[in-house]
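Scroll down for the structure; my scribbles are underneath it.
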């Protein structure tokens, strides 16, 4: 939003001060990433910039750490575990979270606020507490140290994101469409998939992407609930920092940053599409 020509001196000072503050906050958040990415191309096994890198000598840059990631069996096993666990957890999160959001959007549901607060509590409760609670619970039912234990734990963490995004999409949903479909003889299942689902699909996909990122990047819960067989990519990175100090971690971090940027860009595009479908923004 541009500053109007009739703005006072105080408004102009605050206008530019606010942008400087936002720029400093943005720099504070982005600076660590801006350091990690070039270091991932270091030709030496160091976590610092070498003289060759600072002088932009091509000899100071290499893809050796990326080659190590794609050739090292430990990293590949961890990647394969993450690829198996994250999509399954995302599917469960989307299925349960979407149904919960649709149910809680009905005005006749009793104690909607209390139920909503309970379902999104994994976002509020400290992760270490959730991880400890899941460990004791899954140990009693025999799911600790299994793939399904990790999948269910990650699904529980992803459900709140799906509920919030789908609920936000349902705010502008015209319920007369479902009533019209019912009057035309459509059953509830047909109404959901042919009328309601296409309109809330951007919110569902956005929640799925957030749930996927949460599962793919999560390390605390998998350390508690999982075992060595379920060692995911973040877990392997944690071990690399604690035991080996392997520069390959920088290459993995860069790959995860690129994936996260791509997914968040998709979320933003879906959000804009959802607003256009609901008539909240110009086409």
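The values are calculated or read from the model by the stated rules, or taken from the named source; none is laboratory data. Note that the coordinates shown come from a computational prediction; the quantities given were computed from them, not determined experimentally. So basically every Cβ, Gly included, is an ideal-geometry build from the backbone, and we count neighbours across all protein chains shown.
Annotations
- Residues satisfying the stated conditions in the range 116-148, i.e. without any contact (Cβ under 8 Å) to a residue 12 or more places away in the chain, more than 18 Å from the chain's Cα centre (by Cα) and closer than 18 Å to residue 164 by Cβ: 117, 118
- Residues considered: 78, 100, 89. Of these, the only one that is crowded, with 16+ Cβ neighbours inside 10 Å, touching a helix residue (DSSP H, G or I) at 6+ places or on another chain (Cβ under 9 Å), farther than 18 Å from residue 160 by Cα and at pLDDT 85 or above is 78.
- Just one of the listed residues (78, 59) is over 28 Å from residue 145 (Cα atoms) and either assigned to a helix (DSSP H, G or I) or not assigned by TED's automatic domain parsing to the domain that holds residue 239 (or both), and it is 59.
- Members of the range 119-152 found to be closer than 20 Å to residue 204 by Cα and part of a helix (DSSP H, G or I), listed by number: 119, 121, 122, 123, 151, 152
- Selection within the range 1-46: residues that are outside any helix (DSSP H, G or I) and either farther than 20 Å from residue 245 by Cα or assigned by TED's automatic domain parsing to the domain that holds residue 246 (or both). The member of this set that is nearest to the chain's Cα centre (by Cα) is 1.
- Leading residue by the ranking (modelled with the highest pLDDT) among those in the range 240-277 that are in a helix (DSSP H, G or I), closer than 19 Å to residue 46 by Cα and out of contact with any helix residue (DSSP H, G or I) (no Cβ under 9 Å at 6 or more places or on another chain): 242
- Criterion applied to 185, 207, 203 was being in the same structural domain as residue 90 (by TED's automatic domain parsing) and out of contact with any helix residue (DSSP H, G or I) (no Cβ under 7 Å at 6 or more places or on another chain), and the one residue passing it is 185.
- Looking across the range 136-151, the residues that are crowded, with 19+ Cβ neighbours inside 10 Å and at pLDDT 90 or above come down to 138, 149, 150, 151.
- Those residues of the range 203-228 which are touching a residue at least 40 places away in the same chain (Cβ under 8 Å) and farther than 19 Å from residue 267 by Cα, in sequence order: 218, 220, 221, 222, 223, 224, 225, 226, 227
- Yes/no for residue 50 being modelled with pLDDT of 90 or more and surrounded by 10 or more Cβ atoms within 10 Å (Cβ to Cβ): no
- Condition check for residue 162: farther than 14 Å from residue 222 by Cα, modelled with pLDDT of 90 or more and surrounded by 15 or more Cβ atoms within 10 Å (Cβ to Cβ): yes
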